[in-house]
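All remarks here apply to the structure that follows.
The values are calculated or read from the model by the stated rules, or taken from the named source; none is laboratory data. Quick caveat, the model's predicted, so the values are computed rather than measured. FYI the Cβ positions are ideal-geometry reconstructions off the backbone, even for glycines, and counts take in every protein chain you see.
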Amino acid sequence: MAHDEVIGRYSGLARAALAGESVIDCGPGAFADGCFGAAGYDEIDGLPEGALRASLGCGNPVAVAELRAGETVLDLGSGGGIDVLLSARRVGPYGKAYGLDASADMVELARRNAEQAGATNVEFLHGTIEDVPLPNRSVDVVISNCVINLSDDKEAVLTEAFRVLRPGGNLGVSDVVTDSALEVSPQRRAAAEQRVGCAGSLTLEEYRDLLRQAGFVDILITLTVDHGDGVHSAIVRASKPAISPGLEIRPMCEGDAEQVLAIYQAGLDSGQASFETVAPSWEDFTAGRLPNLRYVAVDTGTGGEEVVGWVAASPVSGRCVYAGVVEHSVYVYLERQSRGVGRALLAAFIAACEDAGVWTIQSGVFPDNAPSRTLHQALGFRVVGTRERIGRHHGLWRDVLLLERRSRRVNGPTSPGPSAPPA
């Protein structure tokens, strides 16, 4: 459905609600069978009738997001405002709930409903979910209710959601997705999407991929209602990596090349990072590393984005049996290591690996690089062996410890434990 068609459709529904009409008829039993509306909520007492009449969602993202007092929340595609009003209750007087909608009529309806509800910690914005009119890192939680599937640029929506979230913030949405594993003709699938009014939904794999590309980790998509022909309502949860105030973790991009390589060289100059002595070119760096498992930590308080650390993965082999095994490197400017940058980067990297189906992460560390060994062991790595006198470094033969972390979440081999031999 084209952008203008979506706005036109929902503007018409908003005008109907403003006129006192009910724009959807969905009781609890019908909602369980796939009808959309206010029947998906269990805490609507005291909400204005207009907000209930204009409820068009496919779930309850307020419950999904597990909002806490004092948080700032943004609802993408807020419609008549039911989720914003419920969010305002959850975050309390010291929190705030924003609603964003592309339909001016819906914004008018939502503002009227907020006034009737006596909600003072809410604000409704007119704009698109592909270009959110809020500053970077300004909200704690992003929610949405059956709206992202309507966008014709879902990559931009998820990128914007990541941008406005503070580090450690959460995404919790209800949406419609399709199951590509079910063999259904495109015509039947399109008809099923049209039946629920959500044409253009992503497959589960596409949703996960776009979330990972945006920078989200801890991704969980749970199917709820089956609408037939591979179309489902779903709960989508994800997080922005956590890190100390004034810093942010995001995917590495080509614009980071100079700073990433400078940090790499500084690490090599320390004599404790690698047998290499000169950082590679950017072309060689990118050629040897997986494109979707590369992250940087940036200082956001410098007026720009100064890269202060990075982590990246390389495949251990091109053989398919090793598809879930990677080797990684993590580098941080020495003066930033006391701020926990390395730990935050590595924690985010581990979460991203598990989202990507990686079951084993490996790394080689010099035995006398105590900070690196301690960091890795604190995050679940174990020493599986020592490669004695494996190479010469500045004229000296050096050992390398092989560290490994096995995932207990991904369907691969788990760690055999400290007393057993390595697998």
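Listed values, structure above:
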{"item": "When residues of segment 228-244 are limited to those that are in a loop (DSSP other than H, G, I, E, B) and more than 19 Å from the chain's Cα centre (by Cα), the one farthest from Asn60 (Cα to Cα)", "result": "Asp229"}
{"item": "Scan of segment 355-364 for residues that are surrounded by 20 or more Cβ atoms within 10 Å (Cβ to Cβ) and farther than 18 Å from Leu402 by Cβ, ordered by number", "result": "Asp355"}
{"item": "Residues satisfying the stated conditions in segment 366-398, i.e. within 20 Å of Val325 (Cβ to Cβ) and basic (Lys, Arg)", "result": "Arg382, Arg387"}
{"item": "Hits in segment 303-340 - residues which are in a helix (DSSP H, G or I) and either aromatic (Phe, Trp, Tyr) or not assigned by TED's automatic domain parsing to the domain that holds Gln362 (or both)", "result": "Tyr322"}
{"item": "Residue count for segment 277-293, restricted to those that are hydroxyl-bearing (Ser, Thr, Tyr) and within 25 Å of the chain's Cα centre (by Cα)", "result": "1"}
{"item": "Gly318 within 22 Å of Arg406 (Cα to Cα), more than 23 Å from the chain's Cα centre (by Cα) and not aromatic (Phe, Trp, Tyr)", "result": "yes"}
{"item": "Residue in segment 267-276 that is without any contact (Cβ under 8 Å) to a residue 24 or more places away in the chain, farther than 21 Å from Arg208 by Cα and outside any helix (DSSP H, G or I) present", "result": "yes"}
{"item": "Restricting segment 90-107 to residues that are surrounded by fewer than 18 Cβ atoms within 10 Å (Cβ to Cβ) and not aromatic (Phe, Trp, Tyr), the residue that is nearest to the chain's Cα centre (by Cα)", "result": "Gly92"}
{"item": "Some residue of segment 370-382 being under 18 Å from Gly271 (Cα atoms), in contact with a His (Cβ under 6 Å, 6 or more places away or on another chain) and surrounded by 15 or more Cβ atoms within 10 Å (Cβ to Cβ)", "result": "no"}
{"item": "Any chance Trp282 is over 27 Å from Arg373 (Cβ atoms) and touching a residue at least 24 places away in the same chain (Cβ under 8 Å)", "result": "yes"}
{"item": "Strands (runs of 3 or more DSSP E) fully within segment 111-227 counting 2 or more residues that are more than 19 Å from the chain's Cα centre (by Cα), at pLDDT 95 or above and crowded, with 19+ Cβ neighbours inside 10 Å", "result": "122-126"}
{"item": "Residue list for segment 131-155, filter: under 22 Å from Val298 (Cα atoms) and of a type in the set (Lys, Arg)", "result": "Arg137"}
{"item": "Selection status of Gly301, loosely packed, with under 15 Cβ neighbours inside 10 Å, within 23 Å of the chain's Cα centre (by Cα) and either closer than 20 Å to Arg408 by Cα or not charged (D, E, K, R) (or both)", "result": "yes"}
